[in-house]
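To start, the structure itself, in structure tokens.
Every number here is computed from the coordinates shown, using simple stated rules; none is lab data. Please read these numbers as outputs of a predicted model, since none were measured by experiment. We place every Cβ from the backbone using ideal geometry, glycine too, and count neighbours over all the protein chains shown.
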Amino acid sequence: MGEADAKEMQDVAKQRFALWREVIQAGDFIRGSVTVLRRPCTRAGCRLCREGKRHPATYLSLKEKGRTRLIYLPKSLIAQARQWVAEWRRLEGLLQQMSQTNARMLRLLAQRQSARRAGGKG
Ligand SMILES: [Zn+2]
């Protein structure tokens, strides 16, 4: 293995370590999205429903076993839910980066193996 390869492998290992550190320091997260829906209520003769305006309310929408589920969000929890959703997206990006970094590492390891097999002394 050449010096340049050794240096690259070191860099990749460093990058992987930095990513791991970010991942384990991540906050709470939810895979879903915050959404506002206008739903009808159960009150008989409600003016808003009769006029088709219905009632806007904020929900966390998430998939469970292929089905969309809604969790009603009281005002006091909307910011919290948005933060957890944002954290999930950030983590997803981090994991994507880690996957790419690991692919680079695997490629370097494979190159080193074939260099050895070709009779090089390492
Ligand atoms: Zn109504």
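Here are a few things to note about the model shown:
- Against the chain, whose longest principal axis comes from its Cα atoms, helix 75-117 is set at around 20 degrees.
- Relative contact order (%) - the chain, alpha-carbon pairs under 8 angstrom, separation at least six: 32 percent
- Treating r as the C-beta distance of Val23 and Arg67 and R0 as 25 Å, the FRET efficiency rounds to 0.30.
- Hull volume in cubic angstrom per residue (convex hull over the Cα atoms of the chain): 141 Å³
- Isolated cysteines in the chain, defined as those with no second cysteine Cβ under 4.7 Å, comprise Cys41.
- The range 79-122-the range 23-70 distance, computed between alpha-carbon centres (Å): 36 Å
- The magnitude of the dipole of the range 51-110, with charges of +1 and -1 set on the Cβ of Lys/Arg and Asp/Glu and taken from the Cα centre, is near 120 debye.
- Seen against the Cα atoms of the chain and their longest principal axis, helix 3-24 is set at about 30 degrees.
- Rounded to the nearest 500, the helix-only mean residue ellipticity at 222 nm of the chain stands at -20000 deg cm²/dmol, with each DSSP H run of n ≥ 4 adding -39,500 (n - 2.57).
- With a Cα cut-off of under 26 Å and a minimum spacing of 8 residues unless on different chains, the lysine pairs in the chain number 4.
- The residue among Ala6, Gln97, Tyr59 whose Cα reaches farthest toward the positive pole of the charge dipole of the range 1-113, with charges on the beta-carbon of Lys, Arg, Asp and Glu, is Tyr59.
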